[in-house]
Amino acid sequence: MLLGVATVALLVFLPRQAERAARTLLPDESEWRDTVPLAEALAARQEAFATEQARLAAARDSALRQAALAAAPAPALPPEQRARRDSLERVAGELSRSLERVQVAPLLASYRGLGETEALRAEPAVRAVLDSLLDVERQRETYGTEGGTDPVYVALTARANELGRRLQSTARERLAGDREALSVIRQPRAARHPLLELPPVDTLAALSRLTSARDDLRVATDSLEIARLANREYASRLATARRRELAAAPPLAVLLAGLVVGLALAYFVSFLREVVRPRVGGLREVERITGSRVLAIAGPRHEVPEWNRRRSDLENQMHLVQPGSRVYRTLYLHLSATGATVPIVTVSGPDPLVNGVVGANLAAAAASDGRGTLLVDLDTTHSVSSRVLRLALDPGVTDVRAGTIAWTEGVSSIPIGRDRLMDVITSGTQGREGDAGSAPAPDEPSAPVLRRSLTRMARRYDLAVLVAPVEEARRGDAGLIAMPDVLICAQVGATTHRALHDAVQAARGGGLRLRGIVLWDGPTPKPPAAIPGRRYRRWETPESTVAGRS
């Protein structure tokens with residue numbers, strides 16, 4: 001959260017050279033043109049143009065009605081002249097209608113219709129103009145639907161209007177010639193009746209006003225298109241400057257933003273990992289998974305002044321051993337209150353580091369209370385208890401299994417506190433032990449024999465702690481676990497539900513009795529490496545051992 005706030009603050013308040021460079025690309029605000037007045041002016045010009053068109057049409061209708069009322073019936077014409085007159089009238093009427101359509105809607109389609117009339121389509125000049133109009137129309141189609149927003153498009157439109165005016169001029173000339181021919185063919189009309197004398201209708205003034213309105217409309221349209229082009233260019237330059245400004249982020253802000261994203265991704269991965277492989281998170285959750293209660297919650301070393309001021313404790317450097325811990329003392333008293341004939345308890349679990357530390361501390365707590373204690377490290381793969389007590393690994397359990405030594409010959413005694421001793425059988429070197437599950441050699445003692453020997457030796461102690469992996473607990477009668485009582489260790493936030501469940505099922509499947517769960521609430525312990533050759537007083541016989549402890 002704090003990193004996100006810092007990133008936003010840097011992006012907003014940190015002066016950036018790239019931002020200042022982007023500001024130089026910003027266009028001047030005075031270049032923006034307001035198109036609302038131009039659009040209103042164009043609407044007014046369009047309305048005025050429509051009004052003048054209506055007035056011109058009304059004036060022409062009035063002139064035609066007046067001419068019809070004032071004209072006398074013409075005498076009959078010969079058939080040839082009548083056919084000629086009808087043809088001229090048809091052509092003249094078609095030209096007149098086409099010209100009116102062009103004036104109402106000056107479009108390319110209207111211009112093409114005017115050029116395709118019967119009177120004009122045969123003329124070479126008109127065909128050339130029509131070809132030019134077709135070429136202009138094709139060039140305009142290449143600009144898509146944007147139309148008049150492009151200067152080239154505007155130029156093509158002006159070119160099309162010029163060609164249309166040339167067609168109009170040619171059509172008017174042809175219409176005038178046809179009307180003159182009609183006036184020659186028609187016979188003189190009879191004199192007008194005095195009562196039907198009407199003032200003449202002037203259509204030239206209306207046509208002049210219509211032409212002026214059309215010019216004003218064209219000017220307003222061009223002005224609006226030019227303003228829109230200028231505004232579009234302004235918007236393009238403004239967008240380019242904005243993109244340049246947004247793209248120019250400070251390196252520190254980018255680094256922090258990447259860190260925030262990385263933390264978010266790490267959280268998501270951790271969450272997904274927790275969903276796929278959930279880990280134990282507390283006492284109630286462990287009790288629900290295992291069906292057994294939690295006896296103790298252990299953790300990192302708490303400094304005890306009376307244990308830190310002794311020279312023997314400082315020289316031993318057993319930093320992970322807490323003989324004065326109230327947690328392990330309470331656990332030891334809970335186990336010793338059972339009244340078992342042979343108080344042997346096995347410490348096992350899915351995490352060998354936690355198993356070794358808890359087993360060593362449980363034995364140390366019993367030894368510091370003045371009890372005869374034996375610790376046997378059966379974990380020949382990790383040898384955590386032996387390393388926690390800073391002992392050499394050989395000779396140990398692997399030598400006993402190989403038949404090289406007896407249990408009593410592998411015992412070492414280490415001082416706990418001022419005048420207390422604890423006997424330890426280390427794990428030995430893993431290479432001396434045969435493969436798990438393989439048949440023993442003829443001179444190697446079998447597992448039941450070793451188990452009975454270990455049980456007899458453990459009778460001389462008040463408490464014997466066996467630190468064994470889950471595989472040893474799963475072996476059952478084929479293993480070295482002497483008594484069925486077992487403690488399962490788990491680490492909060494590290495041991496998965498599946499691993500804890502499998503460890504409990506392995507212990508129960510091997511015929512062991514689950515006494516309870518010990519939780520390790522803290523970072524994973526890191527035992528030191530074994531010290532080669534460091535051994536304390538070794539037992540020679542059971543009698544000498546008892547004498548030494550007494």
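For Thr373, the test of being closer than 20 Å to Val504 by Cα, polar (S, T, N, Q) and surrounded by 20 or more Cβ atoms within 10 Å (Cβ to Cβ) is failed. Applying the condition of being at pLDDT below 90 and charged (D, E, K, R) to region 201-227 and asking which residue is farthest from Val152 (Cα to Cα) yields Asp202. The single residue among Asp379, Asp399 that is in a helix (DSSP H, G or I) and either of a type in the set (Asp, Glu) or at positive phi (or both) turns out to be Asp399. Scanning region 103-126 for residues that are in a helix (DSSP H, G or I), under 59 Å from the mean Cα position of the chain (by Cα) and without any contact (Cβ under 8 Å) to a residue 24 or more places away in the chain returns Ala109, Arg112.
If you go through region 329-359 one residue at a time, how many are hydroxyl-bearing (Ser, Thr, Tyr), surrounded by fewer than 22 Cβ atoms within 10 Å (Cβ to Cβ) and either modelled with pLDDT of 80 or more or on the phi > 0 side of the Ramachandran plot (or both)? Write out each step before concluding.
Taking region 329-359 and keeping what is hydroxyl-bearing (Ser, Thr, Tyr), we get 330, 332, 336, 338, 341, 346, 348.
Now restrict to residues that are surrounded by fewer than 22 Cβ atoms within 10 Å (Cβ to Cβ): 330, 336, 338, 341.
Now narrow it down to the ones that are either modelled with pLDDT of 80 or more or on the phi > 0 side of the Ramachandran plot (or both): 330.
Residues flagged as hydroxyl-bearing (Ser, Thr, Tyr), surrounded by fewer than 22 Cβ atoms within 10 Å (Cβ to Cβ) and either modelled with pLDDT of 80 or more or on the phi > 0 side of the Ramachandran plot (or both) within region 329-359 amount to 1.
Of the numbered criteria (1) modelled with pLDDT of 80 or more; (2) in contact with a helix residue (DSSP H, G or I) (Cβ under 6 Å, 6 or more places away or on another chain); (3) within 28 Å of Leu130 (Cα to Cα), the one Ala59 fails is (3).
Here is a yes/no grid of residues against (1) within 28 Å of the chain's Cα centre (by Cα); (2) hydroxyl-bearing (Ser, Thr, Tyr); (3) in a loop (DSSP other than H, G, I, E, B); (4) at pLDDT 70 or above:
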{"residue": "Gly4", "(1), (2), (3), (4)": "yes, no, no, no"}
{"residue": "Leu10", "(1), (2), (3), (4)": "yes, no, no, no"}
{"residue": "Arg20", "(1), (2), (3), (4)": "no, no, no, no"}
{"residue": "Ser30", "(1), (2), (3), (4)": "no, yes, no, yes"}
{"residue": "Pro37", "(1), (2), (3), (4)": "no, no, no, yes"}
{"residue": "Ala43", "(1), (2), (3), (4)": "no, no, no, yes"}
{"residue": "Ala48", "(1), (2), (3), (4)": "no, no, no, yes"}
{"residue": "Glu52", "(1), (2), (3), (4)": "no, no, no, yes"}
{"residue": "Arg55", "(1), (2), (3), (4)": "no, no, no, yes"}
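Within region 512-527, the set of residues being closer than 12 Å to Val347 by Cβ and either without any contact (Cβ under 8 Å) to a residue 40 or more places away in the chain or part of a loop (DSSP other than H, G, I, E, B) (or both) comprises Leu512 only. For region 388-419, a residue qualifies if it is of a type in the set (Lys, Arg) and in contact with a strand residue (DSSP E or B) (Cβ under 9 Å, 6 or more places away or on another chain), and exactly one does: Arg390.
Looking at Ala458, is it at pLDDT 85 or above and either loosely packed, with under 15 Cβ neighbours inside 10 Å or more than 30 Å from Pro415 (Cβ to Cβ) (or both)? For Ala458, the condition - at pLDDT 85 or above and either loosely packed, with under 15 Cβ neighbours inside 10 Å or more than 30 Å from Pro415 (Cβ to Cβ) (or both) - is not met. Would you call Ser412 at pLDDT below 90 and either assigned to a strand (DSSP E or B) or in contact with an Asp or Glu (Cβ under 7 Å, 6 or more places away or on another chain) (or both)? Yes; evaluated as a whole, the condition is true for this residue. Whether any residue in region 468-478 is part of a loop (DSSP other than H, G, I, E, B), buried (at least 19 other Cβ atoms within 10 Å of the Cβ), at pLDDT below 90 and in contact with an Asp or Glu (Cβ under 6 Å, 6 or more places away or on another chain) is what I want to check. Looking for residues that are part of a loop (DSSP other than H, G, I, E, B), buried (at least 19 other Cβ atoms within 10 Å of the Cβ), at pLDDT below 90 and in contact with an Asp or Glu (Cβ under 6 Å, 6 or more places away or on another chain), one finds none in region 468-478, hence no.
The values are calculated or read from the model by the stated rules, or taken from the named source; none is laboratory data. Bear in mind the structure is a predicted one, so any value in this text is a computation, not a measurement. Reconstructed Cβ throughout: ideal geometry from the backbone, glycine too, with neighbour counts over all protein chains shown.
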